[in-house]
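For reference, the structure is listed below as structure tokens.
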Amino acid sequence: MVKLDQINISNEGLTKFFSPIETAILRALWSEGEMTTSELTGKTNIPLTSVAGTLDRLVKAGYTTRRTENVNGRVRYVYEPVFSEEEAANEITTKILDSLVQAFGPLAVENFSKYNDKK
């Protein structure tokens, strides 16, 4: 999950910010849209208990939503992403930049400007 003190710079893409299981679940939701826990288990080959626990954390962190459906008298949860992949990347980037500016103030802004000049 995106915790600024736990960014894994050596990883690639989303796994810099999310665990591999979180990344697999989010990618499945982004490609398929809303899904149940069992559908996500089938799509990702991740055990049901791991999917359920991870989804709970993603809901609490605001990256997915959960709603209930009644099907033949049984309740099931349906999940969908809150953000598109691009929106999630934008949200993460904003959190990181805000944290850097809060911690380092003008020095961070000056470095952003230098980086922008390199592009």
For this session: Compute the distance in nm between two label points, each set 7 Å from the Cα along the Cα-to-Cβ direction, one at Asn70 and one at Asp98.
Result: 3.9 nm
Exercise. What ranking do 17-29, 60-72 get when scored by the average of other Cβ atoms within 10 Å per residue, highest first?
Worked result: 17-29, 60-72
Seminar exercise, completed: On the accessible surface of the chain, probed at 1.4 Å with all protein chains in place, carbon and sulfur together account for a percent value of 52 percent
For this session: Kindly express, to the nearest 10 degrees and within the range 0 to 90, the angle between helix 20-32's C-alpha long axis and the longest C-alpha principal axis of the chain.
Result: 70 degrees
Seminar exercise, completed: Options [x] 17.4, 61; [y] 16.0, 56; [z] 18.4, 57 for Rg and Dmax of the Cα atoms in Å; the value derived from the coordinates is listed as [x]
Exercise. Relative to the first principal axis of the alpha-carbon coordinates of the chain, what is the inclination of helix 85-104, with its axis defined by its Cα atoms, in degrees from 0 to 90 and to the nearest 10?
Worked result: 40 degrees
Exercise. What accessible area per residue comes out for the stretch 36-109, rounded to a whole number of Å², with a 1.4 Å probe?
Worked result: 64 Å²
Seminar exercise, completed: For Thr68, the net charge from surrounding residues (Cβ-Cβ under 11 Å; K, R +1; D, E -1) works out to +3
Exercise. Could you work out the helix-only [θ] at 222 nm for the chain, with each DSSP H run of four or more residues adding -39,500 (n - 2.57) and the total divided by the number of residues, to the nearest 500 deg cm²/dmol?
Worked result: -18500 deg cm²/dmol
Problem set entry | In degrees, nearest ten, helix 106-118 long axis to first principal axis of the chain (Cα) | 90 degrees
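The values are calculated or read from the model by the stated rules, or taken from the named source; none is laboratory data. Quantities reported herein were computed from a predicted structural model and do not represent experimental measurements. We place every Cβ from the backbone using ideal geometry, glycine too, and count neighbours over all the protein chains shown. The area values use the complete protein model at the heavy-atom level, side chains included, leaving out ligands, DNA and RNA. Shrake-Rupley method; radii C 1.70, N 1.55, O 1.52, S 1.80 Å.
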